[in-house]
Every structure is written in C-alpha cells, then in structure tokens.
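I have placed the structure first, in the form of structure tokens, so that the comments after it can refer back to it.
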Amino acid sequence: MNYNAEQLTNMSPNMRAWVRFKKNRRGYYSLWLFSILLFISFFAEVISNDKPLIVYYQHSYYFPLWNEYPETTFGGDFVSGTDYNDPYIKDKITQGDNWALYPLNHYNYSSINYFADLPNPAPPSEQNVLGTDDRGRDVLARLIYGFRLSVLFALVLTAIGVILGILMGSIQGYFAGRVDLVVQRLIEIWSSMPELYLLIIFASIFKPSIGLLIVLLSLFGWMGLSDYVRAEFLRGRNLDYVQAARSLGVSNIGIMFKHLLPNSMVPVLTFLPFRISGAILALTSLDYLGLGVPPSTPSLGELLSQGKENIDAWWLSLTTFTVLVGTLVLLIFIGEALREALDTRRG
Amino acid sequence: MTKSSILEIKNLSVDFSTPAGQVNVVRDINFTLESGRTMALVGESGSGKSVTAMSILRLHDEQKVNYSKGDILFKGKNLLGLDETEIKRVRGNKISMIFQEPMTSLNPTFTVGDQITEPLLIHRGMNRLKAKQRALQLMDLVGIHEPAHRFDAYPHLLSGGQRQRMMIAMALACEPELLIADEPTTALDVTVQLQILLLLEKLQKEFSMAVLMISHDLNLVKRFAQQVCVMQDGNIVEQGDVEHIYKQPQHPYTIQLLDSEPERIIPDGETMALQHNRELLSGKNMFCYFTVKSGFFRKLVSTVKAVDDINLFLREGETLGIVGESGSGKSTLGRCLLRMEHCRGEIHFDQTRIDELKNAQLRPLRKEFQIVFQDPYSSLSPRMTIEQIVGEGLKIHFPQLNKAERRVKIKKALTEVGLEEDILWRYPHEFSGGQRQRIAIARVVILEPKLILLDEPTSALDVSVQKQVLTLLRELQQRHKISYLFITHDLKVIEAVAHRIMVMKEGRIIEVGETQKIFTTPEKEYTRQLLTASLFKTDENKLVTV
C-alpha cells in the first residue's frame, strides 16, 4: 500500500516503522509464514499425537488427551495405559455406535509404530506420511515437535544473549575508561575458554537437559554482540545530542537507554536474525554430536545424525534438511525487513 | 567568445541520479571568466555552486552524474567532450583545485613533499631531484618556513593554515591557468583566513591565473573578487561586477542575501540600563587543564591549559559574547561554567555556589541553565520524534504534568520559536538546518531557563537563516529576560547580539568590555588583529606577513 507524505507525517513512529516493514514484501510474507508455522507448532499435541482427542465408547465420552484410561476401559486385556494405535483397540472404539476423533497425524514424537509393515527405518507410507526413524518413531511428528523446540530454544537463547550483550556493551561504552578496560580484559579471558570442551565436560557431569544447554550457551553467547554495542556507545557518548540530554539533567540510565540505545540498535538488529539462526544451528549440531538434549527429546540434529547412519533412508535427511533450511531462510528475510523498517532515514 | 576569456560555461545543466530518480541540480547556467580575473560563485548550501565547480574538472562519480545539456569551454576546448585520459592531462596541470577541508584533503600516509612533487612527476615529466627543487621553491613561495625541513613532514604535523598552504603549493605546482578554490578558508581561523586569501591574491598576480572562488561569505567576496555570480536552486539569478551588484542588486534573492548580513539588533542604551541588574552567574579563578598521558602507566606527557585563571560575571538579561579562535578555550570555559567539564574555581549561579554540588544535587538545578549546540544535525537524536525531544526536559523537571498538559506546553514552545504545531510526530531528518536549530532552541526554552549557553549556534547555518535565528534569540531574551553566554568565532554575529564581549586566547582573557567600545577602540593588539581579519578592513596593497 502506498501512503502520501501527509498521511505519513500524521502517523505515530511505530506505525511508520510498520509501513516501512510492509514495504519489503519478502520479509513481510516471511513473517506471516513463520508466525503461522510457529503458531501451529504450539498446538503440536492436538495435531500430532498417538491419543485420540475424543472417544465415544458405549454411550460415554472419554478424553484420552487429558486423562489416562487403562486398556480395560475399552475392552482390552491390560490395566496399563491404552495404546490407541493398536489395531485391536482401534477396532473396539470405532465399531458400531462407538467413534473416536484422532489428530491429523496419529503419532507423537516418542510413540513407536509397533504395527509397521516394513522394518525400521520405514519409508513414507499411508501410516507414516514421512516414514519412521530407526526406532520406529514417526518422522513427521518428530519434525513438528523438533521445529517447535528449536525455535523456542533459539528465541530464549537469543533474548538472553541480546540482553546480556547490550547491558555489558552499554556499560563499557558509556562509562569508558577504566570500566571499559577491566571489562574488556575479562571478556578476553572469558572468550578464550574452550566452549566445546566445557560442554562435553558438563554433559558428562550433569544430566543433559535443555535448561543446562541454555545456561552454558548463554554464558558465552553475549560476547560477540557486546563489542558492537560498546563501539556504538563509545562513538555516541560525545555526540551533541547526548551532551544536550546531559545538560537537560537526564540521568545516566536515561541517556544510556533512551538516547544511546535506540541509536545503537542497528548492529543489534543486523545480527538478530543471524543470532537466532545461529542458535538453531548450534542446538542442531550439538544434538548431531550427541552432546545436546536428552535422547528422547524431539530434535532436528538427532534426526540428521540418523540420516547419516542410514544413508539410504532418504526421507530422514531430506525432510530434516528442508525444515532446517526453510526456517533459517525465513528468519533471515524477516531480519532484513526489520532492519530496513527501523532505519528512520528511509522515510 | 571574447579574446581573453579562459573559461566559458554555456547552458550547462547537471543531473544526478538518485534512488528517487533524476534530480536536476544545476539548470542552464552561463558565465565567462577572463584570465587573470577572480570570479566568485555565491549562494547558500544546496544552490549548486560546488557542483558547478566540480563539473569543470568532471570530478563527479561518472555513473551518477549526467551532464544533460551545455558545454564547458576551457580556452575554446569543450571539457565535457574529452575522454578520460585527455581530462587527466588537464586536471592538476592547466586547471587545479583547492578544497575546503585541509584536514582531510591531504593524504595522511604520504609526506607533504611527496604530495607536492606528484603533479610535477606526472605532468611535467621531471625527475625526482628536479621535482624536489621545484617543490621547495613552491613551499617557499606559499610562505612555509624552512621548506627543506618541512619537506619530509607528514600532514598531521602541520597546522590547518600550513596544510592549506601546502594544498595551494600542490595546486600551483604546474602553474595552472585556472584555479578553482572551493571555500578555501572556511575551515580556518579568521586571522589565518586573511593570510591565505592575501597569499592567493599575490600568487594570482604572479602567475596571472584566473580564479574561480566558491564562497558563502559576502564580505570576503566583496574584498577579493572582481565578478560575482549569485546562485539559487541551481540557477544563476544575477551576475556582474562585484561593485555594481553590491551597490545595486536587482534580483530579490541577491537583495535578500545582502540584507541578511547580521547588523546590530540591540538598542544603544540597553547595555547601560542592564548595569543595575544583579549578577546571575559568576566564575572566580577558573582553571581547566587537560592532561595528555601515554603509555601503560599513564605517564604525564604534557598539559593543555584550556581555561587558565579566568574571572567573569554575567548579569540578568544580558548577553556576554565570548570570542576567540579555535583552541582558545572558549567552548571549554562555557562547559565548565555549566558543570559539564571538570574544573577548579568558584562558580556562583543565582546565589547558589554550584561548583561544590554533587551531580545528583545539581540535576534539579539544570533546568535553569541550558545549552544550544553548534551543529543542529548532531544535537538532535535521530531516532526520537520532535515531541520526545522537546518534551524530554519537561518529564524530568515538571514530573507533575500529565501527557496532555505536556503536549500543550510543547506546542506552545514550538509556536514560540516559529514552527508549526503539527510536527510532533516527525523526526529531525525531515527538517532543514535552520528548523532543526529552532527545535533545539524550543527544547531549552520550554524549561524557562534563566541562562542559555549558545555554543556557536549559527555557524552551521546559511546567512539568511542565521539572521532569523539571531532575531529569534533576541525576541526570546526580551520576552523571558534570559541571559545568554554567546560563544562564537564570528565577530559579525557577536557585534549584532552581544552587550559585552570577552576576547579569549590560549585559555586566557585578552580583553573584556562593552561591544561597541571593543569594536571601535580595541585596547589590545590581538583584538585589533582579530577585528581586521574578520571584517576584511585591510589595505589592498599591504600584505600581512606570516
């Protein structure tokens, strides 16, 4: 949509940034696509699960997604939890008046298809749309859950990294001198720690978990960014508008975050999409090496490593590769548009 | 084409291609320059005068520029028709150029000797030894002491004036027939400016060159040029002999330009009347030294005495002008008085001693003394809207106001400085220099301060805008009884607005007194020099020696 100059001047600053963002069609559509995918993946349990949403069995309703029912409820032999993909149970709950509403995909990330016709890993079939992995788990289900986990992991990691990086960089740049000197030396020492070895050591001491990974990667992730923020603050701290703010009586915090930070955000935003995609890649490669998340967790890296082990099972590597590349490309397009949108000189 | 004409520009139009499309920056201009004469192109920024000069040597990016129409005839030959190798033979040889900024127009990685010999090696085919001899002669000619000693110096070892002399030596190396000087002295101090201009004039006679000078300074043009072209928006609106045009300007724009020279806007008796007002600000025995340290253990290498034992006072409603050349410590003094810089000495403001207050104690007082900076482009945060910029001080010093009440005050302040009310949501980059300076003034006036420090508030502005801003400042002073500390190097501006003047040099006061007294009967030699240099009240035949 095109706005004339008068309309633009009447808009609030945020509205105008939004107009500039929309001008970049590619980034705008990427944002939509990415948001929709992320939104859908939040409902992964309803879309891809091995339990039906509702079962109507002998005139009463059951909600297996929320409650666990023993198999005996549906006329089975065991008192343990029901396997709704068991052909016998499936038969029981769908014959006659009974009916069951299954999710679109009948598997969740850890459910194993015990009733597959082919040995694992099995190629795509009617039962498993994208085949199964070497333990008989549905690939599509693992991709959906894996995508959600990767993106959330990356967003959290990036947010922590950006906050820490901005904080450290702005303190260094704004106060400069001795503070800058000391923090800079600390960063040099800290950045010379071998990150990968630390990860391996910690993986053997503690039980691997997502939380531990976030903590470890955050400890090192902020340093690259703080350098850029520091440089921008050093450049900006003596500019006239900062002096003007100081003479108005604005406090240090006010100057740092209201005057300097908005003018120092370009490098932060420039690196934002690369940081998010970098975090996704980091998680993937750690999983690929077996240093990442615990084994049962859905993970793109683990799928890739299975693809390497079973080189002729093309559905493993090809699908994972597509999801990974698609996500990274979308993020980079969004980042580009975001950068242009925040540049007020673009009108 | 007359016989002695050396440069003839016929119907020249220049376009630039920008992302938004072709922009026509020079429109169908004509002028003729005769050899041995000086022609000045005057106009405000953006009028196309530099573009015209650069077109002569075709120094624009070939991919972005389009000479859509016209010819540039240099001794009858069309420069626009030459190919790249032919034009190179003209550049620096037949026509050479001096740029505005001597700090950046010399290459810092080569010695000045290398840079002066370069055109000789290229155009004259001299060997190194001969070129060096010639370069030493040239350096002597432009008034460099001990040329042999300076030959191997790097540009950073030289002062601004010396660098500009080196630039001239470079430009004259091949004895050009036409010299283009693009604001050759704008970046220099007034006393140096005069020396350089007199030198150029002397050399012009010696080499019988034609000079095309670009300037925005009408006094300078009046003194040093014979012909003048007045440019506005890419057009030449009027041209002719300097004397004729200055006496009888025809075009309204020329009249406006000549009119906009600052003239005294303070009535005669006012300085006397102000003597009974109480002192608002005073500084006693002010010192501010900067130490230069180097090495790992921060060893003290030297001390720069920026402010060296200065006493001053400022009365309510008064304007005190602080004048001096760059490095005289005038800006530092201003910043010291407002506690923006560490310094020693007693400062009283409005009966409170402020030099001993801690920053937190000082903050509520800051409302009373404010600053307006020189460069309106860097003094407004580019990512804040006008409402945020102007309203920021209100948030701090009038926290009781709500958003709607603040907006009312912001609108009032904007109207007061002569801006529209509906610009609240816009960003600084959408405004011209003059408008931005008005915004910067609105930002401080809204706090109703008792004192405003004006640090070269008009130096970055065009002359016509300059006068408007000075008038605005004067109106505000009368309405709100504000005191001004007016720091500037421009004596014409200070003559217009100051009640009293303080002349500074190397951190010390040279002379203080009433404005008119200092301008008519200066007591100190340095003040006299400064006045002569900035007002061009020189005898044409007398050369100021270096």
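Looking at B:ILE266, B:ILE310, which one is aliphatic (A, V, I, L, M), in a loop (DSSP other than H, G, I, E, B) and either more than 30 Å from B:SER159 (Cα to Cα) or in contact with a helix residue (DSSP H, G or I) (Cβ under 8 Å, 6 or more places away or on another chain) (or both)?
Exactly one of B:ILE266, B:ILE310 is aliphatic (A, V, I, L, M), in a loop (DSSP other than H, G, I, E, B) and either more than 30 Å from B:SER159 (Cα to Cα) or in contact with a helix residue (DSSP H, G or I) (Cβ under 8 Å, 6 or more places away or on another chain) (or both), namely B:ILE266.
Which of the numbered conditions does B:ASP350 fail, given that it passes all the others? Conditions: (1) touching a Ser or Thr at 6+ places or on another chain (Cβ under 9 Å); (2) assigned by TED's automatic domain parsing to the domain that holds B:LEU485; (3) farther than 18 Å from B:ARG508 by Cβ.
(1)
Confirm whether B:ALA181 is under 23 Å from the mean Cα position of the chain (by Cα) and buried (at least 21 other Cβ atoms within 10 Å of the Cβ).
Yes; evaluated as a whole, the condition is true for this residue.
Taking the condition out of contact with any Lys or Arg (no Cβ under 9 Å at 6 or more places or on another chain), more than 11 Å from every other protein chain (Cβ to nearest Cβ) and at pLDDT 90 or above, does B:LYS409 pass?
Yes: the conditions hold for B:LYS409.
Output the residue which, of all residues in the range A:150-159 that are of a type in the set (Val, Ile, Thr) and touching a Leu at 6+ places or on another chain (Cβ under 9 Å), is farthest from A:VAL229 (Cα to Cα).
Residue satisfying both the conditions and the ranking: A:VAL151.
Suppose we filter B:ARG407, B:ARG436, B:ARG474, B:ARG426 for residues that are without any contact (Cβ under 8 Å) to a residue 60 or more places away in the chain and either closer than 18 Å to B:GLU261 by Cβ or assigned to a helix (DSSP H, G or I) (or both); which single one remains?
Residue meeting the stated conditions: B:ARG407.
Just checking, does the range B:329-338 include any residue being outside any helix (DSSP H, G or I) and within 22 Å of B:VAL445 (Cα to Cα)?
So far as the range B:329-338 goes, yes, one or more of its residues are outside any helix (DSSP H, G or I) and within 22 Å of B:VAL445 (Cα to Cα).
What single numbered condition from (1) among the basic types (Lys, Arg); (2) surrounded by 20 or more Cβ atoms within 10 Å (Cβ to Cβ); (3) within 14 Å of chain A (Cβ to nearest Cβ) fails to hold for B:ARG438?
Among (1) among the basic types (Lys, Arg); (2) surrounded by 20 or more Cβ atoms within 10 Å (Cβ to Cβ); (3) within 14 Å of chain A (Cβ to nearest Cβ), B:ARG438 violates only (3).
Filtering the range A:243-265 down to residues that are more than 10 Å from every other protein chain (Cβ to nearest Cβ) and surrounded by fewer than 20 Cβ atoms within 10 Å (Cβ to Cβ), which residue is farthest from B:ARG335 (Cα to Cα)?
Result: A:PHE257.
Give the number of residues within the range B:383-402 that are in contact with a helix residue (DSSP H, G or I) (Cβ under 9 Å, 6 or more places away or on another chain) and more than 10 Å from every other protein chain (Cβ to nearest Cβ).
Final tally of qualifying residues: 5.
One residue is enough: does the range B:204-219 have a residue meeting the conditions assigned by TED's automatic domain parsing to the domain that holds B:THR38, part of a helix (DSSP H, G or I) and in contact with an Asp or Glu (Cβ under 7 Å, 6 or more places away or on another chain)?
yes
Can you tell me which residue among A:VAL183, A:VAL179, A:VAL162, A:VAL215 is within 26 Å of B:ARG339 (Cβ to Cβ), of a type in the set (A, V, I, L, M) and away from every other protein chain (no Cβ under 14 Å)?
A:VAL179
From B:ILE518, B:ILE487, which residue is over 24 Å from B:PHE369 (Cβ atoms), β-branched (Val, Ile, Thr) and surrounded by 20 or more Cβ atoms within 10 Å (Cβ to Cβ)?
B:ILE518
Among B:VAL503, B:VAL444, which is the only one that is in the same structural domain as B:ASN311 (by TED's automatic domain parsing) and in contact with an Asp or Glu (Cβ under 7 Å, 6 or more places away or on another chain)?
It is B:VAL503.
Among (1) in contact (Cβ under 8 Å) with a residue 60 or more places away in the chain; (2) within 8 Å of another protein chain (Cβ to nearest Cβ); (3) surrounded by fewer than 17 Cβ atoms within 10 Å (Cβ to Cβ), where does B:LEU380 come up short?
Answer for B:LEU380: the failing condition is (3).
If I filter the range A:228-242 for residues that are surrounded by fewer than 21 Cβ atoms within 10 Å (Cβ to Cβ), away from every other protein chain (no Cβ under 14 Å), more than 23 Å from B:GLN374 (Cβ to Cβ) and at pLDDT below 85, do I get at least one hit?
no
Please go through the range A:52-72 and pick out each residue that is outside any helix (DSSP H, G or I), of a type outside the set (Ser, Thr, Tyr) and without any contact (Cβ under 8 Å) to a residue 40 or more places away in the chain.
Within the range A:52-72, A:HIS59, A:PHE63, A:PRO64, A:LEU65, A:TRP66, A:ASN67, A:GLU68, A:PRO70 meet the criteria.
The values are calculated or read from the model by the stated rules, or taken from the named source; none is laboratory data. Please read all numbers here as calculations on a predicted model, not as lab measurements. We place every Cβ from the backbone using ideal geometry, glycine too, and count neighbours over all the protein chains shown.
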